[in-house]
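First the structure, in the form of structure tokens, and then the observations on it.
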Amino acid sequence: MKILYVIRKREKRHWSKRLQRWITGFTDGQDGFFEASLHYGCSVTRRTYEEAAAMGRSAVARYDAIIVNAKSGFPWQDGAKAGQQIRAWGRPTAIFIGQARPFEMVPDNVADHFDILFKREPFADLGRYDLSNGNRAKIVPTLLSNQLLRMSWRFKERNTQFTLPKYGYEHEKTHDVYFSGKLGPNRFDNRVQAWERVTADLDDLRLKGGLASNGQVEVPAHLKGELMEKPEYLNTLLTTKVNLALSGIGPFTHRHLELFYAGAFALSNNDIEPLWLRAPVIKGQDYAAFDTEDEMIDMIRYYVAHDAEREAIAKNGRACFERLYDVPAHAVELRDALQKVI
């Protein structure tokens, strides 16, 4: 199956970084799992939107389908422009919506022109989208990537090597609670409030981490934490009893996947259940979740003190990762969806 993939815009990235990415084929953080799976299962040609738009119908005709990254510059919020471009290509066309918020979706009049809507972590209740029933039926779930793993669209063998010598549920613990997160323009007040409560109410426990600014917001001095390089960060996940996975731009974050990958215990906000993930992630079995900060404090104390229960959930989380983050299996899902419209 030959696919023309219209890639995400990266013109602000330094030329040396772009060259390295091209040579190694490393996939990008938000889009990495989808891209690795697509390349694993299909013969893919990568083009910018400007390059793809300039291709004539005869040049595009050699591809079985086109997939457009919503961050490529394609006019995915303008029904007339989107329809004009798709008609000019004259091929089955899908869009990959890699935005983190589950409610972000193409407008109904744009979805009309696409054959498939690949959406990162959509709502399981498709009625929450202001789409026709026909357009809701086009939604196929996909997933963000684990940034601890360096997957490649050029070297596909990288995309199945996801084991560790020793998992979190097998490690001795040197810390009780860990969280590290950046604050952006939206501040993510839930992260500030949660870490404020942890530092105020749990100062008798072994705490590690804190908040870091992306340069646009100020972090209170008593809540600041240092960002780590990946080896130290992974080791911290492995050797901490309770790792916090707090909502960011979206409810399902890189942190969730990193903790599942590490076999480390994850305590999360209770906002994952409404999502349609490509494999089940079960609260109370694969991770623990809280509704309020009071409940968060109580659950931290409980799981710090109950090793067997905590380790059982961490072990289940690792098994969940193996089901959820399966590139070959997702490659089949993408191919099957595409085959239906070709």
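The values are calculated or read from the model by the stated rules, or taken from the named source; none is laboratory data. Bear in mind that the values here come from a model prediction, so they are computed numbers and not experimental data. Methodologically, a virtual Cβ is constructed for each residue, glycine included, from the backbone with ideal geometry; neighbour enumeration extends over all protein chains shown. We work out accessible area using only protein heavy atoms, side chains counted, and drop any ligands, DNA or RNA first. Shrake-Rupley method; radii C 1.70, N 1.55, O 1.52, S 1.80 Å.
A few points about this structure:
- Translational diffusion coefficient (Stokes-Einstein; Kirkwood radius from C-alpha pairs) of the chain at 25 °C, 0.890 mPa s, in µm²/s: 115
- Taking θ as phi - 60° and the Karplus parameters 6.51, -1.76 and 1.60, the scalar couplings of the stretch 253-264 work out to 10, 3, 4, 4, 5, 5, 5, 4, 4, 7, x, 9 Hz in sequence order, x denoting glycine and proline.
- Residue-normalised accessible area of the chain, expressed per residue, 1.4 Å probe, Å²: 44
- For peptides 98-105, 135-142, sequence by mean Cβ density within 10 Å, most packed first: 135-142, 98-105
- Size descriptors for the stretch 65-126: radius of gyration and Dmax over Cα atoms are 11.1, 34 Å.
- Couplings 3J(HN,Hα) for the stretch 327-333, derived from phi with the Karplus relation 6.51 cos²θ - 1.76 cosθ + 1.60 (θ = phi - 60°), are 4, x, 5, 5, 4, 5, 4 Hz, where x marks Gly and Pro.
- Approximate shape of the stretch 142-254 as ellipsoid semi-axes (Cα gyration tensor, √5λ), whole Å, largest first: 27, 20, 11
- Taking the DSSP beta bridges with both ends in the chain, the antiparallel portion is around 5 percent.
- The modelled label-to-label distance between ALA61 and THR239, using points 7 Å beyond Cα along the C-beta direction, is 6.3 nm.
- Equivalent ellipsoid of the stretch 174-216: semi-axes from √(5λ) of the C-alpha gyration tensor, largest first, are 21, 11, 6 Å.
- The stretch 137-202-the stretch 259-274 distance, computed between alpha-carbon centres (Å): 9
- Radius of gyration over Kirkwood radius for the stretch 209-342, both on Cα atoms: the Rg/Rh ratio is 1.03.
- Mean residue ellipticity (222 nm) of the chain, computed from DSSP H runs ≥ 4 via -39,500 (n - 2.57), nearest 500: -10500 deg cm²/dmol
- Using only alpha-carbon positions in the stretch 279-342, the gyration tensor eigenvalues give semi-axes of 36, 14, 6 Å once each is multiplied by 5 and square-rooted (largest first).
- Qualifying lysines (Cα of each under 19 Å from Cα of LYS182; at least 8 residues distant if same chain): LYS208, LYS224, LYS230
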